Amino acid sequence: MELASFLIVFFMVRYIRTSLQTAVRFPEWEKILVIVQYAASGLLAADVFLDSSITKWLWHILLLGMVGAAYLLKDFRPVRNVWLAVGPYILVSLFKDIARLIDSDFYKSISTVIEIAEVFTLVWLIATWVSTQRQQKALEKERLKRLQEEEQSRIIAGQNVMLEQLVAERTAELTRQKEELEQTLTELKATQDQLIQREKMASLGELTAGIAHEIQNPLNFVNNFSEVSVELIEELKEERRREDRDIELEEELLTDLTQNLQKITHHGKRADSIVKGMLQHSRTSTPQREPTDLNNLADEYLRLAYHGLRASDKSFNATLIMDFDEHLGKVSVVPQDMGRVLLNLFTNAFYATEQKRKTGLAGYQPTVQVSTKRLSDEQIEIRVRDNGCGIPKTVLNKIYQPFFTTKPTGQGTGLGLSLSYDIVTKGHGGALTVETEEGEFTEFIIQLPT
Amino acid sequence: MKVLVVDDETDVQILFEQRFRREIRAGELIFAFAHSGEKALAYLNEHPSEYVLILSDINMPGMSGLELLRLIKTTYPAPPPVVMMITAYGDSESHDQAMQLGADAFLTKPLDFNNLKEKLKSAL
């Protein structure tokens with residue numbers, strides 16, 4: 001049985017040392033355990049060479065001491081349950097030796113039972129040992145798995161931090177780009193406003209000569225009618241001083257005077273409305289829609305466009321045809337915006353006839369026609385037609401593009417039709433369409449809801 | 001003397017009639033008015049050789065005053081009437097062109113009626 005005791009001590013020491021890692025954590029205990037191991041080896045050698053019963057008791061003491069130490073000492077807490085495995089064997093073998101010492105007869109009578117019990121305790125010990133080892137392995141596995149998981153989650157956390165940093169960087173970059181784009185957009189909007197304003201001023205320039213002419217005429221009338229009225233009054237005074245007053249003539253003079261004053265008012269108002277129109281045309285603030293007589297507006301702007309062109313090109317000439325629907329009624333539009341559209345269409349029409357005239361066509365009479373028509377209760381249309389050079393099919397789909405122009409560099413902004421299109425469609429919910437035949441005619445059609 | 005005034009502004013008629021009321025009443029001057037070059041030509045064709053003086057605006061829609069001048073000077077039966085041109089743009093280009101086409105005088109707006117009266121009297 002000494003061999004069994006030795007093996008138990010040997011494996012127990014080994015078990016304690018490995019599971020508690022005494023070499024690292026408890027160097028003092030490590031020393032003691034090594035000593036215990038040597039002691040066990042020595043004890044086994046003593047068993048072999050000395051035939052003494054004392055070794056039996058030393059084995060018991062050693063085993064009990066170890067189990068007791070493992071059970072009682074705080075440092076050995078994790079291996080405390082070693083007594084469960086070893087305890088039965090120690091008890092049985094101790095009982096056997098004590099029984100043999102006290103009463104050998106009694107011992108002999110139960111020796112078989114004791115030996116069997118001893119075998120059972122050993123089997124128990126081994127079984128417990130194996131199962132513990134298994135548990136240990138499972139626990140170790142679990143621990144390793146947990147460690148792995150921890151490692152993984154640590155890696156994931158690291159990656160998360162990295163990703164978050166990346167996201168932050170990208171977000172910052174996107175924000176920067178967004179701000180840049182917003183800045184660019186603001187600049188573009190400002191540029192667009194400037195361009196629109198420039199286009200307005202350009203068309204105002206085109207208008208200036210026409211306006212000067214249009215204002216000069218009514219002013220001449222105002223001056224002339226005033227002067228002639230003074231003459232009439234002089235004549236009236238003369239008549240009244242005479243002995244044989246001609247009452248009929250006096251009446252006639254008075255009637256003429258009234259008429260002249262009405263003419264002065266009429267032409268004064270005419271000049272006034274031209275100046276107002278000019279101011280409206282150059283104004284930048286957002287204008288309001290108001291019920292507008294489109295016949296008047298078309299008439300006014302056709303004259304302005306015509307005289308504007310005539311002022312810059314003396315040889316220019318064209319027949320103007322106005323065909324206005326008397327039942328057009330007032331239409332709610334922004335007068336200066338619609339004026340710009342009409343002015344633009346008229347200027348283009350005159351330009352087209354001028355281009356055709358320059359080709360030297362015999363018997364060509366440049367003609368620009370504007371007509372208005374009420375289509376239904378909800379819709380009216382304005383047509384601007386010229387018998388000029390027409391629009392080639394190849395550029396027809398580009399005419400509303402901003403900056404597209406067929407005029408030589410510096411003569412057209414390329415914004416006229418683009419702005420006109422926006423004003424009619426976006427500004428007034430209408431439609432701007434064109435019918436044309438190259439070399440024959442062009443007709444722009446504005447349809448507006450009323 | 002018969003004078004034909006050509007201008008697209010209709011109020012010109014009232015103005016002339018008042019400015020020359022004494023002359024008209026005295027029967028010295030007889031005025032007729034046309035509101036476009038085309039109408040003036042038609043009127044002249046209806047009343048051949050009656051009008052000895054024509055006063056025409058240059059800037060009119062349709063047929064311009066210069067075109068009217070050219071047609072009168074080239075196609076009108078002799079003796080050709082006196083033609084005076086009136087324009088709001090007193091530029092030398094129009095002036096030269098009018099003179100080249102045979103205009104007898106070149107007047108700028110606003111019209112100086114005293115000056116015009118003298119010119120008419122000298123033309124008589």
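The values are calculated or read from the model by the stated rules, or taken from the named source; none is laboratory data. Remember, predicted model here, so these are calculated numbers, not experimental data. With ideal geometry, Cβ positions are generated from the backbone for all residues, glycine too; neighbour counts draw on all protein chains shown. Only protein heavy atoms, including side chains, enter the accessible area calculation; ligands, DNA and RNA are left aside. Shrake-Rupley method; radii C 1.70, N 1.55, O 1.52, S 1.80 Å.
List of remarks:
- Within the range A:388-435, restricting attention to residues that are open to solvent by less than 40 Å² (accessible area, probe 1.4 Å) and hydroxyl-bearing (S, T, Y), the residue that is nearest to A:A318 (Cα to Cα) is A:S420.
- Flag for A:Q136 being open to solvent by less than 90 Å² (accessible area, probe 1.4 Å) and at pLDDT below 95: yes
- Qualifying residues in the range A:253-267 (those that are open to solvent by 60 Å² or more (accessible area, probe 1.4 Å) and farther than 20 Å from A:K237 by Cβ) - the one nearest to the other protein chains (Cβ to nearest Cβ): A:H266
- Selected residue (criterion: nearest to A:A4 (Cα to Cα)) from residues of the range A:105-121 that are open to solvent by 30 Å² or more (accessible area, probe 1.4 Å) and charged (D, E, K, R): A:E115
- Looking across the range B:59-108, the residues that are assigned to a loop (DSSP other than H, G, I, E, B), within 11 Å of chain A (Cβ to nearest Cβ) and at pLDDT 80 or above come down to B:M60, B:M63, B:S64.
- Test for B:R70: is it over 23 Å from A:N224 (Cβ atoms) and surrounded by 16 or more Cβ atoms within 10 Å (Cβ to Cβ): yes
- Looking only at the range B:1-24, and only at residues there that are in contact (Cβ under 8 Å) with a residue 40 or more places away in the chain and open to solvent by less than 10 Å² (accessible area, probe 1.4 Å), the one that is farthest from the other protein chains (Cβ to nearest Cβ): B:L4
- Residues in the range A:1-18 that are hydroxyl-bearing (S, T, Y), under 13 Å from A:Q136 (Cβ atoms) and surrounded by 15 or more Cβ atoms within 10 Å (Cβ to Cβ): A:Y15 alone.
- Candidates B:L53, B:L41: the one that is buried (at least 19 other Cβ atoms within 10 Å of the Cβ), away from chain A (no Cβ under 14 Å) and under 30 Å from A:S226 (Cα atoms) is B:L53.
- Filter result (assigned to a helix (DSSP H, G or I), over 30 Å from A:L236 (Cβ atoms) and of a type in the set (F, W, Y)) within the range B:1-52: B:Y43
- Selection from the range A:80-103 of residues that are in a helix (DSSP H, G or I), without any contact (Cβ under 8 Å) to a residue 24 or more places away in the chain, open to solvent by less than 90 Å² (accessible area, probe 1.4 Å) and not β-branched (V, I, T): A:G87, A:K96, A:A99
- Against the numbered list (1) part of a loop (DSSP other than H, G, I, E, B); (2) closer than 25 Å to A:D377 by Cα; (3) touching a residue at least 40 places away in the same chain (Cβ under 8 Å), A:V341 comes up short only at (1).
- Search result, residues across the range A:353-376 that are within 19 Å of A:L432 (Cα to Cα), open to solvent by 10 Å² or more (accessible area, probe 1.4 Å) and not hydroxyl-bearing (S, T, Y): A:Q369, A:K373, A:R374, A:L375
- Positions within the range A:192-237 being away from chain B (no Cβ under 14 Å), open to solvent by 10 Å² or more (accessible area, probe 1.4 Å), touching a Leu at 6+ places or on another chain (Cβ under 7 Å) and not polar (S, T, N, Q), in sequence order: A:L195, A:I196, A:E199
- Members of the range A:295-319 that are outside any loop (DSSP other than H, G, I, E, B) and open to solvent by less than 30 Å² (accessible area, probe 1.4 Å): A:N295, A:L297, A:A298, A:Y301, A:L302, A:L304, A:A305, A:Y306, A:H307, A:G308, A:R310, A:A311
- Beta carbons closer than 7 Å, at least 6 apart along the sequence or on distinct chains, pair a first residue in the range B:83-104 that is open to solvent by 70 Å² or more (accessible area, probe 1.4 Å) with a second that is assigned to a loop (DSSP other than H, G, I, E, B) for B:E93/A:K314.
- Residues located in the range A:282-294, provided they are at pLDDT 80 or above, open to solvent by less than 80 Å² (accessible area, probe 1.4 Å) and outside any loop (DSSP other than H, G, I, E, B): A:T292, A:L294
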